[in-house]
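A.B. asks: Quick one: structure below, then a few questions.
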Amino acid sequence: ADTPGTPDIGSGAGVSDGLDVSVGAGVSVGVDEPVLTGCAAYDELDEAGQAEVLSGIGTILKSVAPFFLLCDRRDIGIATRVRDPHFGRPALYIYDSAPGGSGLSEALAGTLSSVFAASGEQTARCDCETGCPSCIGVDSTGAEIKRAAVDLLVHLAGSPA
């Protein structure tokens with residue numbers, strides 16, 4: 001389907017206007033320029049802040065996705081790029097850690113919106129101000145990074161802000 005917010009393996013359907021989310025080999029979810037994601041809290045940050053947000057999102061996804069996939073957190077890998085050389089815009093790669101894959105990427109592609117929503121909820125509910133091991137990690141340098149991570153996760157999930 002070409003509906004934004006609906007992952008479709010191999011079709012390139014958009015999750016967000018400017019953030020590519022690639023799950024496994026040959027699965028890319030995203031649309032063409034502009035570089036803006038449509039999430040103001042993220043788009044207003046400088047490149048270093050955007051890198052912190054993407055890193056934090058990777059941290060929480062690695063914790064939450066295994067609940068949906070019934071796997072160990074070491075079974076999936078996350079890589080983030082503020083300006084991916086292939087796409088020319090922010091990118092988030094989620095992949096099977098097992099050589100050749102174990103089918104987790106395909107399973108995740110079918111539930112990606114729910115994983116984003118649960119990750120956003122977990123981060124928003126966390127009592128910390130700037131990030132901790134229970135949400136986006138401890139690398140965050142300010143509360144605006146945590147807020148931007150929550151806002152971007154909600155945006156990627158397709159939920160109203």
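A.B. asks: Suppose we filter region 116-150 for residues that are part of a helix (DSSP H, G or I), farther than 18 Å from A65 by Cα and either at pLDDT 95 or above or open to solvent by 70 Å² or more (accessible area, probe 1.4 Å) (or both); how many remain? Give the steps one after another, and end with the answer.
C.D. replies: Step one: of region 116-150, the residues part of a helix (DSSP H, G or I) are 116-125, 143-150.
Subset that is farther than 18 Å from A65 by Cα: 143-148.
Checking which are either at pLDDT 95 or above or open to solvent by 70 Å² or more (accessible area, probe 1.4 Å) (or both) leaves us with 144, 147.
The qualifying residues number 2.
A.B. asks: Taking E106, is it under 21 Å from G49 (Cβ atoms) and surrounded by fewer than 17 Cβ atoms within 10 Å (Cβ to Cβ)?
C.D. replies: Numbers: under 21 Å from G49 (Cβ atoms): no; surrounded by fewer than 17 Cβ atoms within 10 Å (Cβ to Cβ): yes.
So E106 does not fit the description; no.
A.B. asks: How many residues does region 45-102 hold that are open to solvent by 50 Å² or more (accessible area, probe 1.4 Å) and outside any helix (DSSP H, G or I)?
C.D. replies: 13
A.B. asks: Criterion first (touching a Pro at 6+ places or on another chain (Cβ under 8 Å), surrounded by 19 or more Cβ atoms within 10 Å (Cβ to Cβ) and either modelled with pLDDT under 95 or at negative phi (or both)) does T37 satisfy it?
C.D. replies: Working: touching a Pro at 6+ places or on another chain (Cβ under 8 Å): yes; surrounded by 19 or more Cβ atoms within 10 Å (Cβ to Cβ): yes; either modelled with pLDDT under 95 or at negative phi (or both): yes.
Spelling it out, T37 is indeed touching a Pro at 6+ places or on another chain (Cβ under 8 Å), surrounded by 19 or more Cβ atoms within 10 Å (Cβ to Cβ) and either modelled with pLDDT under 95 or at negative phi (or both).
A.B. asks: So which residues in region 105-115 are assigned to a helix (DSSP H, G or I) and in contact (Cβ under 8 Å) with a residue 40 or more places away in the chain? Please lay out each step first, then the result.
C.D. replies: Initial filter on region 105-115 (assigned to a helix (DSSP H, G or I)): 105-109, 112-115.
Answer for region 105-115, where residues must be assigned to a helix (DSSP H, G or I) and in contact (Cβ under 8 Å) with a residue 40 or more places away in the chain: S105, E106, L108, A109, L112, S113, S114, V115.
The values are calculated or read from the model by the stated rules, or taken from the named source; none is laboratory data. Small disclaimer: the values here were computed from a predicted structure and weren't measured. All Cβ positions, glycine included, derive from the backbone under ideal geometry; neighbour counts span all protein chains shown. SASA here: full protein model, heavy atoms, side chains in, ligands and nucleic acids out. Shrake-Rupley method; radii C 1.70, N 1.55, O 1.52, S 1.80 Å.
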